[in-house]
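Working notes, structure below.
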Amino acid sequence: MGSPGTNDTWELAAIDKPLINEAPVGQTLRLGETTHFRVTALGPGPFTHQWYRTDRAQPLADNDRFQGSHTDTLTITDTQVIDGGYYHVEVRNLCGATQTQPVALEYNPQFGVRSTPGFGFGAENEGGRLVVVWPEENAVLEQADSLAGPWEVVERAVSPYLPGAGVRARFFRRRLASGP
């Protein structure tokens, strides 16, 4: 007579450093909207979180528009052109850390354009201030509150242009001046 044993095979998996269960998802939105990036992780806790601006290698800190930089949910309110870029989070526990893949925050071209700095007309973030740049010396910078206009010339604007505190325009464009 045989033994009453079974042929079950068991595998034991021990999770030490955090395992990302749900990664943040890229966002495409309109200027001025609020967005949330979320992450969930598995493993022995407690967890700590640090969100980063990937394309600028900057750890984020909470301020008037960025909240949750040390939590599982990063919230950005009143998004601006300078917020466009890539974000990721590092989740850490006593056993180690895991980073998510970078995800993009982009804008719907109907409402604004997130540019690639250094490749023509666009916007850059220098010390938290918007800087509008363009390569052509004979270009005219125009501004408007909406894409439909009316568009107004920004007098004596040269690249790089730092909009002053009194500028309320949400959109900028460049127009090449006509030849001599």
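At a glance:
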quantity: Per-bin percent of Cα-Cα distances, segment 19-107 [5 Å]; calculated: 3, 15, 27, 26, 16, 8, 4, 1
quantity: Residues whose placed amide H lies under 5 Å from that of A139, excluding near-sequence neighbours; calculated: A177
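Read the figures in this text as sums done on the coordinates, not as results from a lab. Source: prediction; values computed, not measured.
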